[in-house]
Amino acid sequence: MTDSVIDRLMQGLRILPGVGPRTAQRMAFYLLQRNTDGARELHRLLGDALEAARLCARCRMLCETELCSVCASDRRDAEVLCVVQSPTDQWNIEQLQQYSGRYFVLHGCLSPMERIGPDEIGVPLLRALLERSPPSEVILALSYTLEGETTASYLQELLSDSGATVSRLSRGVPQGGELEYVDRQTLAQALRERRAL
Amino acid sequence: MRALVPGYVLHRRPWRETSWLLDLWSAEGRTVAIAKGARAPRSRWSALLEPFQPLLLQWSGRGEVHTLTEAEWVDAAAAPLSGRAGFCGLYANELLLRTLLPGEAHTDLFADYGDLMAELRSLPAEPEISALELPLRRFELRLLGALGYALDLQRCSGGEPIAPAGHYHFVPGTGLCRSPSASSDAFAGEALLALGRCELPDLNARRTAKQLLRTALRPLLGSAPLFSRALFTAPGQMRS
């Protein structure tokens, strides 16, 4: 095959997660043949979003203004701070409509082997934020993986003298999960941290 | 098909959409393997293939990258390492990844690693740094031995025994050399002899052991720093 614009488009589409050569081919032909108006609109939207999107100066959430809508709102509880790994996690927690505090987005987790250290996950900015407006509670909404565990331990140490209550999301048997299929680690944890009724 | 062998995951990183690329560590040495589909939401391996967890593993394939075919818990699930013990585990894993090549068998070192994991797991929830140092120093000594760089802590390079009251310098490739004076960067003989007995009785002994092993490991690690060390240079606690 020659290196035509169509080939280059297919190559370009493959940067998307989950898109292999075959899907990229289908997408490219669809955009160029069946839905050129949609393709133009997509082109415009992508350009606009790339131009406007930035990180909130306070919490590092993706937004298009100096402060994101959560940080700019005066209806949010400034006493509670929820630390999340990614904008997706922030979005998912926000969708629950149960949390009224503020956020801080790390954009990753500590991973020495991948050379991701405190600076890469915005610890200096988090420290500045904690000093400027110390919250009374910090919720570490981090994954239960080695990287999440490492990050939680590190932040816990950072916060140990701040006076804030530090908590982590609890873990256990998932909704709709049959005990038979729950992995041993989770089952052991759920048993250790069982709740009185 | 090979039998299941005891092993650990040293490191894992995402591979394609739903798989892990694993650095495995067993008595046979390091192995690189792909765990296909293990990152999928309902994978039976997702909780299993975590570092520090004693596992039974089986892989197949030739060449550099193998395919993981089986993974099981050794016995009851061991509680994951967390906090400072977790930082120590990461440090040990980084040391192994930086110094061992895939395929080199290190049976004794593998047993030492298992002991280290068990020891780290048995520590109280928030251990003092001093409680973590002895297991780490012992593992570093064993690692040097396994790689053929064993430290002689009984004698200096000339063959004369280390004197408790003497002072010594360490020269990589040569060994301990008597220092004419007790300069600030010289090691006290007493502290060296204590390390030889795997004892760290006081702060000076702990400092000596740390400095000596850091110097001895440096030629094996190359110029890049160890990234897990950054976790220990405590974040500097926030004051309210």
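The values are calculated or read from the model by the stated rules, or taken from the named source; none is laboratory data. These numbers come from a predicted model, not from an experiment. We place every Cβ from the backbone using ideal geometry, glycine too, and count neighbours over all the protein chains shown. These area figures cover heavy atoms from the full protein model, side chains too; ligands, DNA and RNA do not enter into them. Shrake-Rupley method; radii C 1.70, N 1.55, O 1.52, S 1.80 Å.
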Per-residue accessible area, 1.4 Å probe, largest first, puts B:TRP20, B:TRP25, B:TRP15 in the order B:TRP15, B:TRP20, B:TRP25
Counting alpha carbon pairs within less than 8 Å and at least 6 residues apart, what relative contact order, in whole percent, applies to chain A? 13
Using Cα centres only, tell me the gap between the range A:27-89 and the range A:124-147 in whole Å. 22
Scalar couplings 3J(HN,Hα) for the range B:206-223 by Karplus 6.51 cos²θ - 1.76 cosθ + 1.60 (θ = phi - 60°), nearest whole Hz, x for Gly and Pro, are 5, 5, 4, 4, 5, 5, 4, 5, 5, 5, 5, 7, 3, x, 7, 9, x, 7
Accessible area buried at the B-A interface, both sides summed, 1.4 Å probe (Å², nearest 100): 3000
From a point 7 Å beyond the Cα of B:GLU104 in the direction of its Cβ, which residues of the range B:22-53 have a backbone N at a distance under 19 Å? B:23-33
Partner chain coverage, peptide A:126-133 - average Cβ within 10 angstrom: 1
Under 13 Å, Cβ to Cβ, from B:HIS66 - net charge with Lys/Arg +1 and Asp/Glu -1: 0
Residues in the range B:7-29 near a label at B:LEU56, defined as backbone nitrogen under 16 Å from the 7 Å Cα→Cβ point? B:7-8, B:27
Computed from the beta carbon distance with a Förster radius of 51 Å, FRET efficiency for A:ASP37 and B:ARG207 to the nearest 0.05 stands at 0.10
Within the range A:31-56, find all residues whose amide N lies under 13 Å from a label point positioned 7 Å from the Cα of A:VAL5 along Cα-to-beta-carbon. A:32-33, A:40
Would you mind getting me the FRET efficiency between B:ALA163 and B:PHE232? Use the beta-carbon distance for r and R0 = 35 Å, nearest 0.05. 0.60
Taking each residue of B:3-14 in turn, how many C-beta atoms of other protein chains fall within 10 Å of its C-beta, and what is the average? 1
With every protein chain kept in place and ligands, DNA and RNA left out, what is the accessible area per residue of the range A:40-197? Probe 1.4 Å, answer in Å². 59
Number of partner chain Cβ atoms within 10 Å, mean per residue of A:146-157: 6
Obtain the nm distance between the two label points defined at A:ARG44 and A:ASP74 by a simple spin-label model: each point lies 7 Å from its Cα along the Cα-to-C-beta direction. 3.7
Throw me the Rg/Rh for chain A, computed over C-alpha atoms with Kirkwood Rh, two decimals. 1.07
